[in-house]
Each structure stands twice: as structure tokens, then as C-alpha cells.
Amino acid sequence: IGGLSYAKEVGATTISLCCVKNGEISLYADHPIEIEVGPEVITGSTRMKAGTAEKMVLNMLSTSLMIKLGKVYGNLMVDVQPTNEKLKKRAVGIVKKCTDAEAKRLLELSCYDVKCAILMKKTGLDTQSCRDMLLKCQNNVAKVLKKYKEE
């Protein structure tokens, strides 16, 4: 409650999450989320159903935000930063709508920028053109492709 009060003082939008109806914390949030999970299976435990329900809600919120921010294209997380071999292999898998060799070539040309490599594959444009389009479209692959199709 103290954190929510401070957030409001500095002008932040606030959200609360609790697992009871009319929870006290809900009074302090701009957007209260209340999940009524009912009593726990094991009396005295307060984290089993409530913890699972809260985790599901937080996953939905974070997934929605990632999509809205353009960090997801289709069902792929495209904002991966391939800083090691494991992540480079993952980046190849993401771009791999073509052969492994072509995916790796596109990623190398784009300095392992997954979004740029996807756009290079889908549009046939060079690295710089794809980066420029990403900048114009808030770094969102879907927006770039929509705009590209319109032109």
C-alpha cells in the first residue's frame, strides 16, 4: 500500500492484484485486479491457488505488453539479444523460415538483430533499409510489414 501511495504521488498509474473480493489494497490502485480463488485445498496455506492465479495474471499482462511493445512477432519473441552461442542458435531458429544457412547469413548481415533479419527475409531489403523502417515503426516488425505491404 505504501508503494502504491508513493507511485500515485509521483504520477504513476497503479495496478493492484489480490485474491479476495474488495481487498484493502484495491482501494489504493487505479486499476485493481481481484481474483477470487476461494479457500485453499490445504487449510492454513495461503499461497497455493492464490500464487498460481497471480502468476497467471502477471503472465497475461506481461505477454500482452510484450506484444504491444513489438517484442513479439507471430508467436516468436523477436527481441532476443544473442550474446552467447545458445542465444545465437535460438536466433537462427526464430529466423528459420528459410534454410539454416540463409537464416545464419541474414543474422550475420544484421549483426544478429533478429527483427532486422526477419524483415530482410520477408522484404528482400538490405540491413540499413530494414533498420530505418523499424525506427519509423517503433521497432515493431508487424507494423513494418503492414506498412511495407501498403506501399
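What the table shows:
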{"read-out": "Cβ pairs under 8 Å, 6+ apart, first in region 77-96 and free of Cβ contacts under 8 Å to residues at least 40 places away in the same chain and over 19 Å from Lys121 (Cα atoms), second open to solvent by 90 Å² or more (accessible area, probe 1.4 Å) and not aliphatic (A, V, I, L, M)", "value": "Leu87/Gln81"}
{"read-out": "Filter result (in a loop (DSSP other than H, G, I, E, B) and either touching a Cys at 6+ places or on another chain (Cβ under 8 Å) or closer than 29 Å to Ser64 by Cβ (or both)) within region 77-115", "value": "Val78, Asp79, Val80, Gln81, Pro82, Thr83, Asn84, Lys96, Lys97, Ser110, Tyr112, Asp113"}
{"read-out": "Residue in region 20-34 that is over 28 Å from Leu134 (Cα atoms), among the β-branched types (Val, Ile, Thr) and at pLDDT below 95 present", "value": "yes"}
{"read-out": "Scan of region 56-76 for residues that are of a type in the set (Val, Ile, Thr) and either under 24 Å from Ala7 (Cα atoms) or part of a loop (DSSP other than H, G, I, E, B) (or both), ordered by number", "value": "Val57, Thr63"}
{"read-out": "Flag for Gly23 being surrounded by 13 or more Cβ atoms within 10 Å (Cβ to Cβ) and either more than 30 Å from Asn139 (Cα to Cα) or without any contact (Cβ under 8 Å) to a residue 60 or more places away in the chain (or both)", "value": "yes"}
{"read-out": "Residue within region 45-55 that is assigned to a helix (DSSP H, G or I), open to solvent by less than 60 Å² (accessible area, probe 1.4 Å), at pLDDT below 95 and closer than 29 Å to Glu150 by Cα present", "value": "no"}
{"read-out": "Number of positions in region 91-136 that are among the hydroxyl-bearing types (Ser, Thr, Tyr) and open to solvent by less than 30 Å² (accessible area, probe 1.4 Å)", "value": "3"}
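The values are calculated or read from the model by the stated rules, or taken from the named source; none is laboratory data. A quick note: this is a predicted structure, and the numbers were derived from the prediction, not measured. Neighbour counts are summed over all protein chains in view; Cβ atoms, including those assigned to glycine, are modelled from backbone coordinates with ideal geometry. Heavy atoms of the whole protein, side chains included, go into the accessibility calculation; ligands, DNA and RNA do not. Shrake-Rupley method; radii C 1.70, N 1.55, O 1.52, S 1.80 Å.
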